[in-house]
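**Q** Below you'll find the structure I mean.
The values are calculated or read from the model by the stated rules, or taken from the named source; none is laboratory data. Predicted, not measured: the structure shown is a model, and the values here were computed from it. Here Cβ is always computed from backbone atoms with ideal geometry, including for glycine, and neighbour counts include all displayed protein chains.
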Amino acid sequence: MTATYHVKTFGCQMNVYDSERIGELLEAEGYAPAGIDTADVVVLNTCHIRERAAEKTYSDVGRLRTRPAAPRIVVAGCVAQAEGAEIIARAPAVDVVVGPNAYHRLPALLATGGVDTEMPPEPKFDALPPRRATAGHAAFLTVQEGCDKFCTFCVVPYTRGGEVSRPAEALVAEARALVAGGAKEITLLGQNVNAYRDGEVTVAGLIRRIAALPGLARLRYTTSHPRDMADDLIAAHGEVEVLMPYLHLPVQSGSTRVLKAMNRAHTRDSYLRILDRLRAARPDIALSGDFIVGFPGETDADFAETVRIVREVGYAQAYSFKYSARPGTPAASLPGQVPEDVKDARLAELQAAIGDCALAFNRASVGTRCDVLLDRPGRRPGQLIGKSPWLQSVVVTDPAARIGDLVPVDLTDAQPNSLTGVPVTRTDPPLTRAAA
Ligand code: 5AD
Ligand code: SF4
């Protein structure tokens with residue numbers, strides 16, 4: 001009987017991409033996909049960014065261990081990199097621990113069991129089988145990994161190592177294969193994708209090359225550090241038609257004092273000036289961000305600055321987190337750790353402000369027309385959900401439409417997390433008001 005596998009993904013989109021590649025690798029080895037309750041091999045592709053994310057690894061191992069026929073368990077991803085052999089010491093049911101830079105060696109590891117958290121000299125991407133043609137209509141493409149920024153709260157520079165960019169030629173070839181397989185949208189991924197560099201090719205150069213592929217309708221990239229928002233990248237937002245008007249540009253805090261303690265290398269004002277330049281290049285650009293509340297030493301006044309910057313920027317959406325002290329990071333041993341109940345209260349207040357902004361952003365879209373890339377079924381029969389250029393979820397009722405279609409709709413109603421889109425028919429008059 002054919003052996004089966006299942007990959008469960010935690011954390012960021014880079015893990016989603018790695019999970020796809022791990023699936024392709026195992027299928028090339030003869031494994032067939034299966035559910036988590038029956039697969040012979042279960043890969044947990046883990047996240048280490050906050051304590052709660054890391055702990056999920058162990059609760060999942062516990063659950064798998066007691067399955068009627070226990071599977072072979074692989075812990076991959078950032079917990080694997082950070083904790084290595086300690087994982088097997090703590091959870092002996094785990095057979096294999098493999099880091100994010102070594103998963104191309106998974107077939108050999110499955111034969112022997114054991115731990116591989118090396119950052120090997122041979123690039124894993126060269127050793128992996130080619131992309132299969134089923135990566136979907138909105139595909140991810142990891143172009144850069146690792147981070148050299150050393151924000152004082154963050155484990156990424158330790159778990160993922162320094163910034164490494166993949167060769168532009170290989171990326172254009174992979175993007176071409178994704179488009180040939182039906183991808184209409186590609187999102188370029190990196191821990192710091194705007195630090196991408198291959199010789200003379202910057203991320204803006206890479207964007208221009210991939211944007212030129214016939215058949216590609218949409219291009220996005222994430223995630224970015226404000227320090228690396230170079231002039232050519234900002235210019236690309238105004239010039240490259242398929243580059244979508246959306247940018248995830250985390251600021252983390254609105255207080256320059258806290259930003260300094262975070263080692264962010266930007267201030268509140270320098271961040272806002274970058275947004276001014278982006279809006280000058282692309283007036284309709286939607287912004288998204290990440291925020292941490294309760295960083296050590298954060299006062300009520302610092303936190304008020306964070307709420308103020310959220311309202312000032314008017315984020316289309318944003319992610320916010322309570323500070324979580326991570327082992328080995330400088331901030332973990334700073335004085336002035338903020339009590340949990342204060343973090344809870346700040347998080348609630350910040351999320352309310354972010355929700356207000358998202359609703360205001362969605363309401364401002366009502367009455368405009370845009371294309372929606374349908375990517376999943378909706379709750380009611382005949383409903384499909386897709387993304388607007390500004391990454392809003394749009395619910396469309398159109399019995400003729402299929403997942404993967406790019407359909408023009410009029411946006412007629414706004415909720416905090418979604419919009420209603422009515423398909424445009426050929427007889428509809430053109431809208432006079434363009435999306436702003
Ligand atoms: N605690 C809380 N949030 C964190 N992030 C990164 N490290 C931590 C931490 N130790 C958040 C940042 C980052 C996002 C991916 O996760 O906001 O941008
Ligand atoms: Fe972590 Fe900062 Fe690097 Fe982002 S830029 S991955 S927050 S160290």
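**Q** Looking at (1) within 16 Å of ligand 1 (Cβ to nearest atom); (2) small (Gly, Ala, Ser); (3) within 14 Å of the chain's Cα centre (by Cα), which one does Ala54 not meet, given that it meets all the others?
**A** Failed condition: (3).
**Q** When you scan segment 277-290, how many residues do you find that are closer than 23 Å to Ser320 by Cα and either part of a strand (DSSP E or B) or not hydrophobic (A, V, I, L, M, F, W, C) (or both)?
**A** Residues meeting the conditions: 5.
**Q** Taking the stated definitions as given, is Thr152 modelled with pLDDT of 95 or more, within 16 Å of ligand 1 (Cβ to nearest atom) and either in contact with a helix residue (DSSP H, G or I) (Cβ under 6 Å, 6 or more places away or on another chain) or basic (Lys, Arg) (or both)?
**A** For Thr152, the condition - modelled with pLDDT of 95 or more, within 16 Å of ligand 1 (Cβ to nearest atom) and either in contact with a helix residue (DSSP H, G or I) (Cβ under 6 Å, 6 or more places away or on another chain) or basic (Lys, Arg) (or both) - is met.
**Q** Going by what's in this entry, would Ala175 be described as touching a residue at least 40 places away in the same chain (Cβ under 8 Å), under 28 Å from Leu374 (Cβ atoms) and either assigned to a helix (DSSP H, G or I) or assigned by TED's automatic domain parsing to the domain that holds Asp405 (or both)?
**A** Against the criterion (touching a residue at least 40 places away in the same chain (Cβ under 8 Å), under 28 Å from Leu374 (Cβ atoms) and either assigned to a helix (DSSP H, G or I) or assigned by TED's automatic domain parsing to the domain that holds Asp405 (or both)), Ala175 qualifies.
**Q** Looking only at segment 108-134, which residues are surrounded by fewer than 14 Cβ atoms within 10 Å (Cβ to Cβ) and part of a helix (DSSP H, G or I)?
**A** Within segment 108-134, Ala108, Ala111, Thr112, Asp126, Ala127 meet the criteria.
**Q** Residue under question is Leu189, and the condition is that it be within 16 Å of ligand 1 (Cβ to nearest atom) and farther than 30 Å from Pro335 by Cα; does it hold?
**A** Spelling it out, Leu189 is indeed within 16 Å of ligand 1 (Cβ to nearest atom) and farther than 30 Å from Pro335 by Cα.
**Q** Now, a different point. Is it fair to say Gly182 is part of a loop (DSSP other than H, G, I, E, B) and out of contact with any helix residue (DSSP H, G or I) (no Cβ under 8 Å at 6 or more places or on another chain)?
**A** yes
**Q** Anything in segment 232-250 that is within 18 Å of Arg209 (Cβ to Cβ), outside any loop (DSSP other than H, G, I, E, B) and touching a residue at least 60 places away in the same chain (Cβ under 8 Å)? List them, or say none.
**A** none
**Q** Okay, next question. Any idea which residue in segment 162-178 is farthest from Tyr196 (Cα to Cα), counting only those that are surrounded by fewer than 20 Cβ atoms within 10 Å (Cβ to Cβ) and touching a Lys or Arg at 6+ places or on another chain (Cβ under 6 Å)?
**A** Among those that are surrounded by fewer than 20 Cβ atoms within 10 Å (Cβ to Cβ) and touching a Lys or Arg at 6+ places or on another chain (Cβ under 6 Å), it is Ala177.
**Q** Inside segment 192-207, can you point out the residues that are within 16 Å of ligand 1 (Cβ to nearest atom) and in a helix (DSSP H, G or I)?
**A** Listed by number, the residues that qualify are Val193, Asn194, Ala195.
**Q** A further question on this structure: List every residue pair whose Cβ atoms sit under 6 Å apart, with the two residues 6 or more apart in sequence or on different chains, where the first one lies in segment 372-388 and is without any contact (Cβ under 8 Å) to a residue 24 or more places away in the chain and the second, anywhere, is not in a strand (DSSP E or B).
**A** That search, which allows pairs on different chains as well, returns Gly382/Pro399; Leu384/Gly378; Leu384/Ala401.
**Q** For residues that are in a loop (DSSP other than H, G, I, E, B) and either near ligand 2 (Cβ under 9 Å from one of its atoms) or of a type in the set (A, V, I, L, M, F, W, C) (or both), tally how many sit in segment 135-159.
**A** Summing the residues that are in a loop (DSSP other than H, G, I, E, B) and either near ligand 2 (Cβ under 9 Å from one of its atoms) or of a type in the set (A, V, I, L, M, F, W, C) (or both) in segment 135-159 gives 12.
**Q** I'd like to verify a number: residues in segment 211-231 that are outside any loop (DSSP other than H, G, I, E, B) and either away from ligand 1 (no atom under 16 Å from the Cβ) or over 30 Å from Ala301 (Cα atoms) (or both), how many?
**A** 7
**Q** Let me ask you something else. Could you list all residues from segment 297-351 that are of a type in the set (Lys, Arg) and either assigned to a helix (DSSP H, G or I) or farther than 23 Å from Pro157 by Cα (or both)?
**A** Answer for segment 297-351, where residues must be of a type in the set (Lys, Arg) and either assigned to a helix (DSSP H, G or I) or farther than 23 Å from Pro157 by Cα (or both): Arg308, Arg311, Lys343, Arg346.
**Q** Hey, another quick one. Restricting to segment 268-314, name every residue that is of a type in the set (Ser, Thr, Tyr) and either farther than 15 Å from Glu349 by Cβ or exposed (fewer than 15 other Cβ atoms within 10 Å of the Cβ) (or both).
**A** Once the filter is applied, which keeps residues that are of a type in the set (Ser, Thr, Tyr) and either farther than 15 Å from Glu349 by Cβ or exposed (fewer than 15 other Cβ atoms within 10 Å of the Cβ) (or both), segment 268-314 yields Ser270, Tyr271, Ser288, Thr299.
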